[in-house]
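First the structure, in the form of structure tokens, and then the observations on it.
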Amino acid sequence: EEVYNDDVLAELGISRDELTEETAVEVGNIFTLGTRFSEPLELTFTDEDGTTKPVIMGSYGIGPSRLMGLIAEHFADDKGLVWPKNVAPFTVYLVRIGNDVTEQADTLYETLTSKGIEVLYDDRDERPGAKFADAELLGIPQRVTISPRSLEQGGYELTDRTTGTTTVLTHDELLGTLGQIEM
């Protein structure tokens, strides 16, 4: 019998109705061990009537690799993973384009992390297309791009991984927006 914890499903951003036979994955399990281990160890308790009885044991677990499989199966598109915000390993994928914005990107990274926002900082000396492709593949919920072009346009490009929508935000607008996402 499959049992779904509604709180766990809510954390993943899915409802019980979305788990059909085609997408169901066992991510947790419960095993009754009975007295197999308690009897040899003489692990007992005293019942309310004063009788000593062996403890009936159980094993409860969740499989992290199975959970990852569920996320990959349920939250992916043709570009890669699309992490639900509440279980993503990072909130922001920070992309620095060009060496002439290094100081601004480093400062933004420090500011975001000091506010408790989890940031994966892509400061590699790589083409922008490769960085954007990697960002999509990894599926971090928000991509922040800092480049000479974004600074000329007024600040930072914020791209939502789920919708693909990009907006240019000032420093204060970006911090406000990302602060709301973290809540």
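Points worth noting:
- Lysines with Cα under 22 Å of residue 115, excluding same-chain neighbours fewer than 8 positions away: 85
- DSSP-assigned coil residues among trypsin sites (Lys or Arg not before Pro) in the range 105-150, each with at most 16 further Cβ atoms within 10 Å: 115, 124
- Within a straight-line Cα-Cα reach of under 20 Å, residue 131 can be paired with the following lysines, leaving aside sequence neighbours fewer than 8 residues apart in one chain: 79.
- Gain in span if fully extended, residue 6 to residue 172, counting 0.36 nm per residue against the direct Cα distance: 56.1 nm
- Taken about its Cα centre, the range 77-183 carries a charge dipole of about 240 debye when Lys and Arg each add +1 at the Cβ and Asp and Glu each add -1 at the Cβ.
- FRET efficiency, 1/(1 + (r/R0)^6) with R0 30 Å, evaluated for residue 86 and residue 149 via beta carbons: 0.40
- Added length on full extension, which subtracts the Cα-Cα distance from 0.36 nm per residue, residue 76 to residue 181: 35.8 nm
- Convex hull of the range 34-183 built on C-alpha atoms - directionally averaged projected area, nm²: 14.3 nm²
- Beta bridge orientation in the chain: antiparallel %, DSSP, nearest 5: 70 percent
- DSSP loop chymotrypsin sites (Phe, Trp or Tyr not before Pro) with at most 15 other Cβ within 10 Å: longest gap in the chain: 38-183
- Tensor-based shape of the range 53-118 (alpha-carbon gyration tensor, a/c under 1.5 rounded, otherwise prolate or oblate): oblate
- Student exercise, the chain dipole from Lys, Arg, Asp, Glu Cβ charges, in Debye to nearest 20: 480 debye
- Accessible area (Å², 1.4 Å probe, nearest 10) - residue 113: 50 Å²
- Gain upon complete extension [residue 133, residue 68; 0.36 nm per residue less C-alpha separation]: 21.3 nm
The values are calculated or read from the model by the stated rules, or taken from the named source; none is laboratory data. No experiment lies behind these values; they were computed from the predicted model shown. Quick reminder, even Gly has a Cβ in these numbers, built from the backbone with ideal geometry, and neighbours come from all protein chains shown. Quick note on the areas: whole protein, heavy atoms, side chains included, nothing else; ligands and nucleic acids left out. Shrake-Rupley method; radii C 1.70, N 1.55, O 1.52, S 1.80 Å.
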